[in-house]
Amino acid sequence: MVDVSQHELVPEHEVVDEDVLDDVLEEYDIKRTDLPKIKRSDPALPAAAEVGDVIQIVRDSRTTDRAVTYRLVVD
């Protein structure tokens, strides 16, 4: 079977540490549940991701060099 997460077109997905997450949520003045969602069944998620974790997704960007987004893992 093919590991989709290793494909060159799939951006980097990484579980965010709680300390870093607290800083991000405070910076944007939001709660964890305000973040966009990503399903646990998404094949691009790291194996260590669990429901309730927040994932940092880093994409290449023409305008900002790299774009960072955050998603909450849901069931």
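Picking from residues in the stretch 1-24 that are part of a loop (DSSP other than H, G, I, E, B) and more than 11 Å from the chain's Cα centre (by Cα), the one that is surrounded by the most Cβ atoms within 10 Å (Cβ to Cβ) is V10. The condition of being in contact with a strand residue (DSSP E or B) (Cβ under 8 Å, 6 or more places away or on another chain) and without any contact (Cβ under 8 Å) to a residue 12 or more places away in the chain holds for only one of S41, S61, S5, that being S61.
Looking only at the stretch 46-68, residues that are modelled with pLDDT of 95 or more, over 19 Å from Q6 (Cα atoms) and β-branched (V, I, T) come to 2 in all.
From the list I57, I30, the one residue that fits, being in a loop (DSSP other than H, G, I, E, B) and either more than 15 Å from the chain's Cα centre (by Cα) or of a type in the set (V, I, T) (or both), is I30. Check whether at least one residue in the stretch 25-34 is loosely packed, with under 11 Cβ neighbours inside 10 Å and aliphatic (A, V, I, L, M), and report yes or no. So far as the stretch 25-34 goes, no, none of its residues is loosely packed, with under 11 Cβ neighbours inside 10 Å and aliphatic (A, V, I, L, M).
The values are calculated or read from the model by the stated rules, or taken from the named source; none is laboratory data. Fair warning: this is a prediction, and the values are worked out from it, not measured in the lab. Positions of Cβ are backbone-derived with ideal geometry, glycine not excepted, and every protein chain shown enters the neighbour counts.
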